[in-house]
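Single-structure report; data block below.
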Amino acid sequence: MRRGAVTCSGSERMVKEQIVARGIRDEKVLKAMRKVDRRRFVSGREGERAYGDHPICIGNGQTISQPYVVAFMTSALELSTEDRVLEIGTGCGYQTAVLAEIASEVSTIEIVEELGLRARRQLNQMGYTNVEFNIGDGGKGWPEARLFDKIMVTAAPVEVPDALLEQLNTDGILIIPVGGADQNLLRFRRVGEGIEREQLLQVRFVPMTGCVAS
């Protein structure tokens, strides 16, 4: 069972002014982002900026994405309540919580141990029981052989890791930022034996580290 935070005024305002106002209409996504309080994932002075439309540093050279980008990527996944989701880049756990509010199961990988452990503590405290965590190299995919209905990547490799495409189920969707200085958010959809590719928008994410950087 999922037990996110109750809707707060900061989240309500954030969704109305930054997400709905920019065209996101997926009610599942809007409901999840109203419920998951972004402030709980931002510490110290940065907490005052929690509901602003900008990324925020969370330590270890990583960031929490701006709310609109979180909403856009989540909507682009076309999530259903039956989906099994793989997230590459747990970060502070905010995006993880949004996914867990909608999907049946979320498996999330974080390469920075400190961030991964912190996110697990936070989501456990918030009552999420449909999330499993792994500390490891997300560019290699989930360590066990498994197929996922949806895959979301929150760090940018220069090229799409083959391991992620291999773990994408039939009719599954992969959302991933790709590139170096110039990045594009791409959507891959497995159709039969083939893969369809679609460019969504220009973005700026932290680089993916691990095997893809070697």
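The values are calculated or read from the model by the stated rules, or taken from the named source; none is laboratory data. Owing to the predicted nature of the structure, the values given are computational and were not obtained by experimental measurement. Heads up, the Cβs are rebuilt from the backbone with ideal geometry, glycines too, and the neighbour counts pull from every protein chain shown.
Side notes on the structure shown:
- Residue satisfying all of: in segment 63-85; in a strand (DSSP E or B) and crowded, with 20+ Cβ neighbours inside 10 Å; modelled with the highest pLDDT among these: Val85
- Any chance Thr90 is at pLDDT 95 or above and buried (at least 24 other Cβ atoms within 10 Å of the Cβ): yes
- Remark: pairs (first residue in segment 114-134, surrounded by 14 or more Cβ atoms within 10 Å (Cβ to Cβ); second residue among the aromatic types (Phe, Trp, Tyr) and part of a strand (DSSP E or B); Cβ separation under 8 Å; 6+ apart in sequence or on different chains) = Gly116/Phe133; Ala119/Phe133; Arg120/Phe133.
- Residue within segment 127-141 that is of a type in the set (Lys, Arg) and within 24 Å of Val69 (Cα to Cα) present: no
- Just one of the listed residues (Asn134, Asn184, Asn169) is in a strand (DSSP E or B), within 30 Å of Glu27 (Cβ to Cβ), of a type in the set (S, T, N, Q) and touching a Pro at 6+ places or on another chain (Cβ under 8 Å), and it is Asn184.
- Here the condition is being under 17 Å from the mean Cα position of the chain (by Cα) and more than 15 Å from Ile109 (Cα to Cα); of Leu164, Leu168, it holds for Leu168 alone.
- Residues that are at pLDDT 95 or above, within 20 Å of Ile111 (Cβ to Cβ) and in a loop (DSSP other than H, G, I, E, B) do not occur anywhere in segment 190-204.
- Residues in segment 182-202 that are in contact (Cβ under 8 Å) with a residue 60 or more places away in the chain and surrounded by fewer than 19 Cβ atoms within 10 Å (Cβ to Cβ) were compared, and the one that is nearest to Leu86 (Cα to Cα) is Arg187.
- Restricting Gly172, Gly210, Gly179 to residues that are over 24 Å from Thr81 (Cα atoms), surrounded by 17 or more Cβ atoms within 10 Å (Cβ to Cβ) and in contact with an Asp or Glu (Cβ under 7 Å, 6 or more places away or on another chain) narrows the list to Gly210.
- Within segment 148-159, none of the residues are part of a strand (DSSP E or B), under 19 Å from Asp83 (Cβ atoms) and without any contact (Cβ under 8 Å) to a residue 24 or more places away in the chain.
- Candidate set from segment 1-48 (those that are polar (S, T, N, Q) and crowded, with 16+ Cβ neighbours inside 10 Å); member that is modelled with the highest pLDDT: Gln18
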